[in-house]
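**Q** The structure is given below, and queries will be raised subsequently.
The values are calculated or read from the model by the stated rules, or taken from the named source; none is laboratory data. These figures come from a predicted structure and were not determined experimentally. As a convention, Cβ positions derive from the backbone with ideal geometry for all residues, glycine included, and neighbour counts pool all protein chains shown.
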Amino acid sequence: QVQLVESGGGLVQPGGSLRLSCAASGFTFSIYNMKWYRQGPGKEREWVATISSNGRITGFADSVKGRFIISRDNGKNTVYLQMNSLKPEDTAVYYCMRPTGNYWGKGTLVTVSS
């Protein structure tokens, strides 16, 4: 069955960086686009970034553009989210998902605070 497992979250100071990983299994990872979403405290879930199946096309929400980088390693069945210049408003549970079939991981918590 399809499984998506996020990791890499934690507590970081404003201006710091974190790299999230999402390990995929149960399907042919290399043929699917992948996305990251996040849900902050008291907020609705919002789209963060998308990457095409071959990694050549990416897209970002305006709120993270220029600070976050999405990438993937199809040999490792893993998608990454490199988060730089983090702000307190980036505090959220971050989820990876496969749009085709609407599969979601359980999320990893990122807290940006001094």
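**Q** Taking segment 34-80 only, how many residues are polar (S, T, N, Q) and either at pLDDT below 95 or surrounded by 15 or more Cβ atoms within 10 Å (Cβ to Cβ) (or both)?
**A** To start, the set of residues in segment 34-80 that are polar (S, T, N, Q) comprises 39, 50, 52-54, 58, 63, 71, 74, 77-78.
Now narrow it down to the ones that are either at pLDDT below 95 or surrounded by 15 or more Cβ atoms within 10 Å (Cβ to Cβ) (or both): 50, 53, 74, 77-78.
Number satisfying all stated conditions: 5.
**Q** Being closer than 18 Å to THR50 by Cβ and touching an Asp or Glu at 6+ places or on another chain (Cβ under 8 Å) narrows it down to one residue among TYR94, TYR103; which is it?
**A** On inspection, the qualifying residue turns out to be TYR94.
**Q** So which residues in segment 81-114 are in contact with a Lys or Arg (Cβ under 6 Å, 6 or more places away or on another chain) and aromatic (Phe, Trp, Tyr), if there are any at all?
**A** TYR94 - this is the single residue of segment 81-114 that is in contact with a Lys or Arg (Cβ under 6 Å, 6 or more places away or on another chain) and aromatic (Phe, Trp, Tyr).
**Q** Separate question: For segment 58-76, how many residues meet the condition of being assigned to a strand (DSSP E or B) and hydroxyl-bearing (Ser, Thr, Tyr)?
**A** At the first step, the residues of segment 58-76 found to be assigned to a strand (DSSP E or B) are 58-60, 68-73.
With the extra rule that they be hydroxyl-bearing (Ser, Thr, Tyr), the set shrinks to 58, 71.
Residues in segment 58-76 being assigned to a strand (DSSP E or B) and hydroxyl-bearing (Ser, Thr, Tyr): 2 in total.
**Q** Any chance you could count how many residues in segment 77-111 are outside any strand (DSSP E or B) and in contact (Cβ under 8 Å) with a residue 24 or more places away in the chain?
**A** 15
**Q** Counting only residues that are surrounded by 15 or more Cβ atoms within 10 Å (Cβ to Cβ) and part of a loop (DSSP other than H, G, I, E, B), how many does segment 17-33 have?
**A** Qualifying residue count, segment 17-33: 3.
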